[in-house]
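Q: Before I ask anything, here is the structure I am working with.
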Amino acid sequence: MDGTNGIHTVSVPKGHPQTSKDNEGRGHWRNKAEFFLTVMGAIIGPGNVWRFPYLCYRNGGGMGYASHLIILFSATSYIIIIAWAFFYLFSSFSADLPWATCGHEWNTGTLSSNFWRGLRKPVDVHFYNYQILKSCLDPSHPNVSLSMKSRLNTTLPVMEFWQHRVLKISSGIEDVGSLRWELVFCLILTWVLCYFCVWKGIKSTGKAAFFTATFPFIMLFVLLIRGVTLPGAIDGIIYYLYPDISRLSDPQVWMDAGTQIFFSYAIGLGFLTSLGSYNTFNNDCYKDCFYLCLLNSATSIVSGFAIFSVLGPGLAFIVYPRAVAMMPMPQVWSVCFFLMIILLGLDSQFVGLECLMTSLTDLFPALRRGYRRELVLLAICSTCCIMGLSLVTEGGMYLLQLLDHHVCSGTTLLLLSFCQSVSIAWVYGADRFYGNIKDMIGYRPFPLMKYCWRYITPLFCFGTFIFSIVKYTPLRFNNTYVYPFWANILGWFIASVSLSLIPLFMLYEMMHEKGPLRQRFLNLCKPMDLTLDQKSLPMLGTTTSVELKPLSPNGGLTKSALTEVFHE
């Protein structure tokens, strides 16, 4: 990529031609806070609250098209968590929290009444949460003599509320059962909220992020203060902070760490690229990434303190509801907790939708005219909502875990990220990419970044992917129900639908190239060239808000590599 006399060659995708009229409605961030809060909402989600603490317990203390298809699967499945949170939120507005007592129609009537009647003091509740749940996750633990498989789920009111009231879970994935109409209402409500957060593009997304990205932090801080003041909280915190050195030799620990990073930072899905595309050309993306990474990791760590101080290692929809039920004014704490879960999930959800719409409107700029964008977004939300109905049936929990394990798992993202890192570092060129960032931000990033792009990231992604394949075991639910063979095949088939787009589009492009097979492949492994100057940049319909500032003394663009970030 070189240039002379203000004329430069940049890499662009093969897409729909655009006019200046098409590009006018793309929009840009009104201020830095909108961008920062929206990205913060995208990468900080429910996983920071329950997945990171749970992993600490367990371990001792067409790539563009493929990624967008994974976003669709993720949007369809993970929004169910928000629907569950709405169900709990609405259930919190009652004189007595329904999961705190027995005697309801969904209770089995076994020894739970007498057991809970004896637990009144907060220290007893903490000991119960810490020891019983530890035994639940590790049935070999000697502290509890009950059979975890046969009796625990029927003796705890909170478990009975979760399984027999919220889910009404069936016997297996073969038994789909009927729709849970209360969850259907919560699911539709969630999609309506997501739609109106995104329907006007980043104008509405940025405004929504001011609330959805900040309020959960307030709630997390309040829950942290309340948790650390409970009797016995220090026991949970010590368990959270105390490392088990022997676990470091277990490859599964590093597998969990790697997949958690991919989930937490939304790597490989295009979220960050889409949101960053609305910034100005000279936005300091390097510092933005650094600060957002620190904030995300800090949130996971702080949430671990909040969770472990109250319940020891636990699950958000099982033990925390029971923990807040034992606090003064339990309805208030329950509303605060589930409202936090809802907002954490909502901003991650509508940012995923914004990512999809950004890509569609960049490929087909005519969608920005009139109400076409709103109608396309409505069609996407409606389709995903209809697809999600299968997840709010009595057997929906089994299907949700199947999708989570195969389609939206770290294994899929690892392979996708490996392909992306190889494309950037070895096809586009790490040196060229490094120079692009320098042209944008005006200074050189840390030189080690080039070696991370070339070697560390691809090797880590590929190595972890191979490990996940080698260590693969048939899927289980609660370590009791074993998924049938056809269900595992179905999961891998759905996962292959998204990943297969990478080789399929490569073959499609090779068929349209000319020359011998080797030459066709080499042509695909280099950026497509287009000559342009500064005046013609707005006509490209790039994914960046075109606000270029001259970076060379003569008033033209620099002769080094000119950076433009494009969608694949």
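Q: Could you please find all residues in segment 463-477 being surrounded by fewer than 17 Cβ atoms within 10 Å (Cβ to Cβ) and either of a type in the set (Val, Ile, Thr) or within 23 Å of the chain's Cα centre (by Cα) (or both)?
A: Gly463, Ile466, Ile469, Val470, Tyr472, Thr473, Arg476, Phe477
Q: In this structure, is Phe115 of a type outside the set (A, V, I, L, M) and modelled with pLDDT of 80 or more?
A: No; evaluated as a whole, the condition is false for this residue.
Q: Name the single residue, out of those in segment 453-462 being surrounded by 16 or more Cβ atoms within 10 Å (Cβ to Cβ) and over 22 Å from the mean Cα position of the chain (by Cα), that is farthest from Asn283 (Cα to Cα).
A: So the residue we want is Arg454.
Q: Val310 - would you say it is modelled with pLDDT of 65 or more, within 16 Å of Pro231 (Cα to Cα) and assigned to a helix (DSSP H, G or I)?
A: Considered against the rule, which asks whether it is modelled with pLDDT of 65 or more, within 16 Å of Pro231 (Cα to Cα) and assigned to a helix (DSSP H, G or I), Val310 comes out as no.
Q: Taking the criterion of being of a type outside the set (S, T, N, Q), modelled with pLDDT of 75 or more, buried (at least 17 other Cβ atoms within 10 Å of the Cβ) and closer than 24 Å to Trp333 by Cβ, would at least one residue in segment 139-157 satisfy it?
A: Scanning segment 139-157, I find at least one residue that is of a type outside the set (S, T, N, Q), modelled with pLDDT of 75 or more, buried (at least 17 other Cβ atoms within 10 Å of the Cβ) and closer than 24 Å to Trp333 by Cβ, so the answer is yes.
Q: When you go through Ile234, Ile202 one by one, which is the residue that is of a type in the set (A, V, I, L, M), within 23 Å of Ala379 (Cβ to Cβ) and modelled with pLDDT under 90?
A: Of Ile234, Ile202, the one residue that is of a type in the set (A, V, I, L, M), within 23 Å of Ala379 (Cβ to Cβ) and modelled with pLDDT under 90 is Ile202.
Q: What are the residues in segment 369-421 that are surrounded by fewer than 23 Cβ atoms within 10 Å (Cβ to Cβ), assigned to a helix (DSSP H, G or I) and of a type in the set (Phe, Trp, Tyr), if any?
A: Phe418
Q: Within segment 491-504, is even one residue at pLDDT 75 or above and touching a Ser or Thr at 6+ places or on another chain (Cβ under 6 Å)?
A: Yes, segment 491-504 has at least one match.
Q: To continue, here is another question. Just give me the residues in segment 165-177 being more than 9 Å from Gly396 (Cα to Cα) and in contact with an Asp or Glu (Cβ under 6 Å, 6 or more places away or on another chain), in sequence order.
A: Lys168
Q: Next question, about the same structure. In segment 320-336, which residue that is part of a helix (DSSP H, G or I) and of a type in the set (A, V, I, L, M) is farthest from Met159 (Cα to Cα)?
A: If we take residues in segment 320-336 being part of a helix (DSSP H, G or I) and of a type in the set (A, V, I, L, M), then Val332 is farthest from Met159 (Cα to Cα).
Q: Hey, among Leu356, Leu343, which residue is at pLDDT 80 or above, crowded, with 24+ Cβ neighbours inside 10 Å and either more than 30 Å from Lys438 (Cβ to Cβ) or out of contact with any helix residue (DSSP H, G or I) (no Cβ under 8 Å at 6 or more places or on another chain) (or both)?
A: Going through Leu356, Leu343 in turn, just one is at pLDDT 80 or above, crowded, with 24+ Cβ neighbours inside 10 Å and either more than 30 Å from Lys438 (Cβ to Cβ) or out of contact with any helix residue (DSSP H, G or I) (no Cβ under 8 Å at 6 or more places or on another chain) (or both): Leu343.
Q: With (1) small (Gly, Ala, Ser); (2) out of contact with any Pro (no Cβ under 7 Å at 6 or more places or on another chain); (3) farther than 24 Å from Gln163 by Cβ; (4) modelled with pLDDT of 85 or more as the list, and Ser390 as the residue in question, which single condition is left unmet?
A: Single failed check for Ser390: (3).
Q: When residues of segment 442-488 are filtered for being farther than 30 Å from Gly396 by Cα and either polar (S, T, N, Q) or touching a Lys or Arg at 6+ places or on another chain (Cβ under 8 Å) (or both), how many remain?
A: 3
The values are calculated or read from the model by the stated rules, or taken from the named source; none is laboratory data. Nothing here was measured: the structure is a model prediction, and the numbers come from that model. Counting neighbours? That spans all protein chains shown, and the Cβs are built from the backbone with ideal geometry, glycine included.
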